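The values are calculated or read from the model by the stated rules, or taken from the named source; none is laboratory data. A quick note: this is a predicted structure, and the numbers were derived from the prediction, not measured. Positions of Cβ are backbone-derived with ideal geometry, glycine not excepted, and every protein chain shown enters the neighbour counts. For accessibility, only protein heavy atoms count, side chains too; no ligands or nucleic acids. Shrake-Rupley method; radii C 1.70, N 1.55, O 1.52, S 1.80 Å.
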Amino acid sequence: DGGITQSPKYLFRKEGQNVTLSCEQNLNHDAMYWYRQDPGQGLRLIYYSQIVNDFQKGDIAEGYSVSREKKESFPLTVTSAQKNPTAFYLCASSTGRSGSRYEQYFGPGTRLTVT
Amino acid sequence: AQTVTQSQPEMSVQEAETVTLSCTYDTSESNYYLFWYKQPPSRQMILVIRQEAYKQQNATENRFSVNFQKAAKSFSLKISDSQLGDTAMYFCAFMIGIQGAQKLVFGQGTRLTINP
C-alpha cells in the first residue's frame with residue numbers, strides 16, 4: 001500500500017543533543033513537508049521541498065535542518081539550537097503539480113520529548 | 001499574511017445531531033483552496049473535505065458539507081447525523097501555491113466530542 005511512514009513513533013532525547021526524524025513516502029510525490037504541532041495549536045510549517053536536492057524554509061525553520069537526497073525521503077534534524085523542541089512532528093507529501101487536487105497526505109507523526 | 005481563525009475551541013453534541021464548526025480566514029489571494037482536516041486520538045491527519053475558491057458550489061462528502069462564503073471569507077463545516085467516530089480535533093486550513101509546492105496554513109482547531 002502507498003503511504004508515508006515516520007519513525008519512530010516516540011522519541012526521547014537529552015537536551016543539547018541533535019536528533020533526526022525519519023520520513024519516507026512511496027507515493028511518487030515530488031513535494032514533501034514538515035510540520036510541527038504543539039498542544040492546543042494547529043500545524044506550523046517548518047520546511048518544505050518541491051524537488052530532490054532543493055528545499056525551502058517555512059514559518060518556523062530556526063533550529064531545524066533538512067535534506068532531500070532522494071525523492072522518497074525527507075529527514076528532519078532537530079538541532080540543539082531549537083529552544084523548545086518537545087512537540088509532535090508531522091511529515092506530509094503532495095504531487096506538487098498544478099492541476100492536481102493539491103491534497104497533502106500525512107504520515108502518522110513522531111512525538112519528540114526532550115528533557 | 002494569510003491567517004485562519006477557528007473561534008470554537010471545543011464543541012460537544014449528542015450522537016445523531018447536526019453540528020457546525022466555524023472557520024474564517026484572511027488572504028489577499030484570489031485563487032486558493034480550503035480544507036477541513038480531522039485528527040482523531042490516533043493523531044493521524046485525515047482530509048475530510050476540500051473547496052476550490054473559484055467554485056461557487058459548496059462541497060459535500062456524504063455527511064460532511066461546507067458553507068463557503070467567499071466575500072465574507074468564511075468556511076464552515078457541517079456534520080450531519082453525527083457519529084461517535086466523528087470525535088476528533090478538526091482543523092480548517094487554507095492553501096496557497098508556493099514554487100511548485102503548496103503551503104497549508106492551519107487554524108488552531110476545534111475539539112469535537114460526540115456523546116452517546
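The set of residues in the range A:34-46 being out of contact with any Lys or Arg (no Cβ under 6 Å at 6 or more places or on another chain) and under 19 Å from A:L11 (Cβ atoms) consists of A:W34, A:Y35, A:Q37, A:D38, A:P39, A:L43. Here A:E69 meets the list (1) in contact (Cβ under 8 Å) with a residue 40 or more places away in the chain; (2) open to solvent by 50 Å² or more (accessible area, probe 1.4 Å) almost entirely, failing just condition (1). Against the condition touching a Phe, Trp or Tyr at 6+ places or on another chain (Cβ under 6 Å) and either farther than 24 Å from A:S94 by Cα or not charged (D, E, K, R) (or both), how does B:M95 come out, does it pass? Taking the combined requirement at face value, the residue satisfies it. Filter the range B:69-90 down to the residues that are in contact with a Lys or Arg (Cβ under 8 Å, 6 or more places away or on another chain) and part of a strand (DSSP E or B), then identify the one that is farthest from A:S93 (Cα to Cα). By that ranking, first place goes to B:I79. Taking strands (runs of 3 or more DSSP E) as the structural unit, those lying wholly within the range B:1-44 and holding at least 1 residues that are without any contact (Cβ under 8 Å) to a residue 60 or more places away in the chain correspond to B:19-21, B:24-26, B:33-39. Each residue in the range B:90-116 was checked for being more than 17 Å from B:R50 (Cα to Cα) and either open to solvent by 50 Å² or more (accessible area, probe 1.4 Å) or at pLDDT 95 or above (or both), and 9 pass. All of (1) part of a loop (DSSP other than H, G, I, E, B); (2) over 21 Å from B:I46 (Cα atoms) hold for A:L27 with one exception: (2).
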